[in-house]
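One structure is given below, encoded as structure tokens.
The values are calculated or read from the model by the stated rules, or taken from the named source; none is laboratory data. Because the structure is predicted, anything quoted here is derived from the model rather than measured. Cβ coordinates were reconstructed from backbone atoms using ideal geometry, including for glycine residues, and neighbour counts include every protein chain displayed.
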Protein chains: 2
Amino acid sequence: MTGLDPLIAARLKRDSNGLVPAVVQQHDTGAVLMLAWMNDAALHATLTTGRATYWSRSRGSMWVKGETSGHHQAVVSVALDCDGDTLLVRVDQTGPACHTGSPTCFADVLLETS
Amino acid sequence: MTGLDPLIAARLKRDSNGLVPAVVQQHDTGAVLMLAWMNDAALHATLTTGRATYWSRSRGSMWVKGETSGHHQAVVSVALDCDGDTLLVRVDQTGPACHTGSPTCFADVLLETS
């Protein structure tokens, strides 16, 4: 039992590991902060606690963003895409989103047109 | 041979299917349009043709976004995340991004705080 609303659980299309990617966006600036992964329990926590919660694939455990760094994400909205296989989580980020200290995880620009 | 710059190819961390998720964002409004997937050849095409190009997991083939719908995405920038396993593609979208006709694929709101 993950606690996730069965009506939402029925619409989720998970990968072979039971996970769905979550695009995380700063709600006011629109900056894309990071991509993380959720299982049903992480989505339930995100929807009900107000704190963005993910499944850490590297640690193999639930991960409340900021629980060690203090760089929390207050949840503003959560949406599911047309295929039911991706989430968009709009948040209010405290501090930098990236573990490198960058505001976002997408600091490595491969191409920028003029 | 995919044509992808070997220095970029060396930094990509692909999943077991050789794919990397690409978050697609409208460059001026900041709207997150969709999540798609790229293999090395799709990333090479995106970086060199100016048209966002993906790997369609459902069709099992390269997919120039808009090739049938006309709803192209002109590439504005491409960035790689800190782990090398996710791309952020900023585009100028022609028409709706979603095959449903919605402006974005994230029309299904699960939670919205006041």
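Points worth noting:
- Matching entry among B:68, B:48, B:94, B:53 (being more than 21 Å from residue A:27 (Cβ to Cβ) and at pLDDT below 95): B:68
- Tabulated pairs, the stretch B:100-113, first closer than 23 Å to residue A:50 by Cα and within 7 Å of chain A (Cβ to nearest Cβ), second β-branched (Val, Ile, Thr) and outside any strand (DSSP E or B), C-beta under 7 angstrom, 6+ apart or interchain: B:110/A:8
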